[in-house]
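Below: the structure, in structure tokens.
Values in this text are rule-based calculations from the coordinates and carry no lab data. Keep in mind that this is a model prediction, so the values were computed, not measured. Note: ideal-geometry Cβ built from the backbone for every residue, glycine included; neighbour counts use all protein chains shown.
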Amino acid sequence: MSAALAGLLIAALVVAVAWIVSSPFRRPLGDEAAAERSDERRSLEAARESKYAEIRDNESDFRTGKLSEQDYRALDRTLRAEAVEILRAIDELDARAGDASAAAR
Amino acid sequence: MAFAGRIALLVALCLTLYGIGAALYGARTHRRDWVDSARRSVYALAVILTVAMVILEAAFIRNDFSYNTVAQTSSTTTPLLYRMAAVWSSQQGSLLLWVWLLSIWSSLAIFLTRNRMRDVVPYATSVLLGFGAFFTFLLVFYASPFGQTHPAPADGAGLDPLLRNPSMLIHPPMLYSGYTFFTIPFAFAVGALIVRRVDAEWIRVTRRFALASWLFLGIGILLGAHWSYYDLGWGGYWGWDAVENAALMPWLISTAFLHSVMIQEKRGMLKVWNASLVLGASTLAIVGTFLVRSGVLSSIHAFGASTLGLPFVILIGAMVAGSVYLVVTRRDVLRSEHSLDSLLSREAAFLFNNILLVGLCFVIFWGTFFPLISKAATGTTSEVGASWFDRYTVPLALILVLLSGIGPMIPWRRATLANARRNLLTPLAAAGLMAIAAYTIVPIGSSPPTVILFCGAVFVFAGIGQEFWRGVRARRATSHESPPRALVSMVRRNRRRYGGYIVHVGIAIVFIGVAASATFQHEQTVQLRVGQSVRVGAYVMTYAHATGSVDDDPAHTGATLTLGAAVRVTRGGRYVTTLHPEAGFYPSGAGIVPGEAVASLISGQAVSIVSLDSTPRRDLWAAISPPGGGIPEQSLVAKADTVDPASLSAVNQVKLAYYLLAAIEEHYLRYPPTAEFTLLASPLVMWIWLGGLIVLGGGLIAIWPGPHGMRGRVRARYLARVARELGSSPAGATAAGASATTASART
């Protein structure tokens, strides 16, 4: 009984593993270019979040008295300019994505 | 079912090899289907190893002694809870736990990054599966937990009584989670270096996993210290043991990484250093695993000599060589974008803290491996003791505590002297007051390092308290919220910063507990007869009377006989508490042996069961050495075993043996012999564990992702501000405004 149960368990396990790892080959492939754009967008979003965190930290440092107003404003301007560059890059990427989907239609 | 377990491990090994191949092929040919298949191999590995783990756990719960590991580390007299924990008390079972946890955490990491870093993830997947392959290979060919013996023995040897402690249910899984989590930042670092991508997203992913491994390992280390203090009967929580040190080293390096990666994130600096730290921490985690399993260094926590040393040396060699190769060949992408602006800046403070942490790690590494180094150099094995470690680690730790207070109070890039003075004034004044108190009110002036540490800790508390207070005040000025609401909003808005501050407070509290208890602990090891007393610090401890029980040990550890003492504690003539230290005696594991029936009930390992009265101010701790060494009342036991039970049934023979044991216990209670006690009065020990809980809380705040709604609001507000304040640049403002709209719509 135990041997039969063990045999069944092994068979079920092997079938389940084969099913799980082969499932990507049984599906049609997605839009590779779109996936790459989405990857690039996530990367830019991470850069944007990081820049926002830096702006917040800078503001927090100013409010808790670690930075003079002059230093804070100068640094804040630089960081915001960098944030705008990232946002512009995201918009450009989105515009390219829009063109690509229009072309596909 | 053992056969199913063996096959499951074999399938797991084949699966890891397939997954590595699929991931690498997918990465090289940019075939998403192969990469997805490799990712699913990681999930499938977790499923298979869960099945293997369940099979082994079931064998322990069912007392199936045909499994060698069950027979060696469990028994019918081992309580169910400890039978379940006994799975990881053997080399084989703990290896299975290691790779099982690895598969679980790898699955989590691969799932969370399934739509991110598509170029890095395939390589990271193959590295994670490489670790999986290594450990399943060991399980299949070196240390199978499913090895069997037929016919099965009637009973097992039982779980080592020292491991019969509730913390053993959670301490090894926590520690192993820490170790296995370290493979994830390692894998992502390798992947990122291969594809030459160490950008913001890499930092974001790696930092979160590094923080998780840091948190798990830290809690595991603290639980180990707790177990040592409450269970090992020597009165300490840290002995600079090789295995303890092995867990501490990667923790120190990852602490350094968690700080220095912020410099890379904000300034684009220290990229080589950060890559080296993250690769080094993971390698040290494997070194720790090697030390536990190879028997190369002696330790109370290690599994003893084994054949696993060579495979681990090969793995560590490959990790070191691969890491060095990747860092050296990727120098171009790891070049710093900026240099240090000022020595009075947060990045400079972090840099100093990194140097100290790495220095501390090096000292511990040197001391830990000194037996091997000395043997290689001189041919004789020498060891360094706790005092050697203390000599070098205490000064470094003191400076680290100070830096953990200074860092949060100075800004990035450059601080002006005026601002630094303004921020440091209150904490310095608080530290000064503490110094005065140390020599007047609080009696710690006799130990200068402790005074410095207390002052440093007060400096940290005051500095971070000031940060919270100013932050809340600034928030209230703009939001008009109530102080508690403003505090919560402020922390939610910047979890990393304030979670990190809370961690600093927790660490300072841990250091206070360690410094106070290590410096001002009073200890007595004495032999007392009933009625005799001894002074331990300000307390008088009196052996009031003997205690005992048969087959009913109060700690529920499965002891057949428990003998102990009631120790009455007074202070200045006033009653404080009564401690009940005990010694537990366990069966031999060979069953009831004819002619030695009573002895076989109690001739297993005898252990001391500590009694503790703990308050925030002090701990009173007592342990009693097992009376009679291995077997108590030896002459009576020998006499009892002369009773010939041959005419009785097996059941009645056992009953008779217990009856005789009860008579022996009764004799011990009536005529208690001189007992040897270890008695301690230690200040502030409880704060070590409370500090650990605060660290855990701060770590969870720092690691917890912000709620989407809040992120959306913050994002929208910042986007609007970016657009408004840079209105002089119409193109930038337009772009920002457009993005604000799309981002708001998306969230």
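Tabulated values for the structure
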item	result
Rule-of-thumb Rg ratio for segment B:522-686 [Cα; 2.2 N^0.38 Å; N residues]	1.16
Shape category assigned to the protein assembly as shown from the gyration tensor of Cα positions, a/c cut at 1.5	oblate
Helical contribution to [θ] at 222 nm, DSSP H n ≥ 4, -39,500 (n - 2.57), averaged over the protein assembly as shown, rounded to 500	-23000 deg cm²/dmol
In nm, spacing of pseudo-spin labels at B:Leu343 and A:Ser22 (7 Å Cα→C-beta vector)	6.7
Rounded to whole Hz, the Karplus (6.51, -1.76, 1.60) HN-Hα couplings of segment B:114-123, x for glycine and proline	5, 10, 10, 6, 4, 7, 7, 4, x, 5
For B:Ala583, distant residues with modelled amide H under 5 Å away	B:Leu563, B:Gly564, B:Ile609
Global geometry of segment B:311-421, whether rounded, prolate or oblate, following the gyration tensor of its Cα atoms and the 1.5 cut on a/c	oblate
About the Cα centre, charge dipole magnitude for segment B:2-344 (Lys/Arg +1, Asp/Glu -1 at Cβ), debye	1120
Helix axis angle, A:2-22 relative to chain A longest principal axis, alpha carbon, degrees	50
Packing-based exposure ordering (other Cβ within 10 Å, fewest first) of B:Cys14, B:Cys455	B:Cys14, B:Cys455
Karplus (6.51, -1.76, 1.60) ³J(HN,Hα), θ = phi - 60°, over segment B:315-321, in Hz, Gly and Pro reported as x	4, 4, x, 5, 5, 5, 4
Amide H contacts of B:Asp241 (H built 1.01 Å from N, under 5 Å, at least 5 apart or other chain)	none
Pair B:Arg28, B:Arg196: separation of 7 Å Cα→Cβ label points (nm)	2.0
Modelled label reach - B:Thr76, point 7 Å along Cα→Cβ, segment B:518-559 residues with backbone N closer than 18 Å	B:551-552, B:558-559
Sorted by Cβ neighbour density within 10 Å, fewest at the top, the residues A:Trp19, B:Trp412	A:Trp19, B:Trp412
Spatially near lysine pairs across the protein assembly as shown, Cα under 18 Å, sequence gap of 8 or more or different chains	4
Cα-centre dipole for the protein assembly as shown with unit charges at Cβ (Lys and Arg positive, Asp and Glu negative), debye to 20	3520
Environment charge of B:Arg413, counting only residues whose C-beta is closer than 10 Å and scoring Lys/Arg +1, Asp/Glu -1	0
Long-range HN-HN contacts of B:Leu232 with modeled amide H, under 5 Å	none
Contour excess over end-to-end distance, with Cα ends at B:Tyr325 and B:Asp390 and 0.36 nm allotted per residue	19.9 nm
Whole-Å semi-axes of the ellipsoid equivalent to segment B:1-69 (Cα gyration tensor, √5λ, descending)	33, 10, 6
Inter-probe distance in nm under a simple model that places probes 7 Å from Cα toward Cβ, at A:Ser2 and B:Arg535	6.4
Cα gyration tensor shape for chain B, rounded if a/c is under 1.5, else prolate or oblate	oblate
Stokes-Einstein D in µm²/s, Kirkwood radius over Cα pairs - chain A at 37 °C with 0.692 mPa s viscosity	176
Kirkwood hydrodynamic radius of segment B:431-472, from inverse mean 1/r over distinct Cα pairs, in Å	10.7
Under the Karplus curve 6.51 cos²θ - 1.76 cosθ + 1.60, θ = phi - 60°, whole-Hz ³J(HN,Hα) for segment B:553-561, x wherever Gly or Pro sits	6, x, 7, 6, 9, x, 6, 7, 9
Alpha-carbon centroid distance for the pair segment B:1-48 / segment B:658-690, whole angstrom	53
All Cα pairs of segment B:2-344, percent lying beyond 34 Å	26
At R0 = 22 Å, FRET efficiency that the Cβ-Cβ distance of A:Val14 and B:Glu57 yields, to 0.05	0.50
Per-selection Rg to Rh, segment A:52-105 - Cα, Kirkwood hydrodynamic radius	1.32
Test item: Cα-centred dipole of segment B:419-532, Lys/Arg +1 and Asp/Glu -1 on Cβ, debye	800
Modelled FRET efficiency - R0 60 Å, B:Lys639 with B:Thr378, Cβ distances, 0.05 increments	0.65
Gap separating the Cα centres of segment A:50-75 and segment B:418-483, nearest whole Å	23
Sequence-separation-based contact order of chain B, relative, with Cα cut under 8 Å and 6+ spacing, percent	10
Trypsin sites (Lys or Arg not before Pro) within segment B:25-101: DSSP coil, no more than 14 neighbouring Cβ in 10 Å	B:Arg62
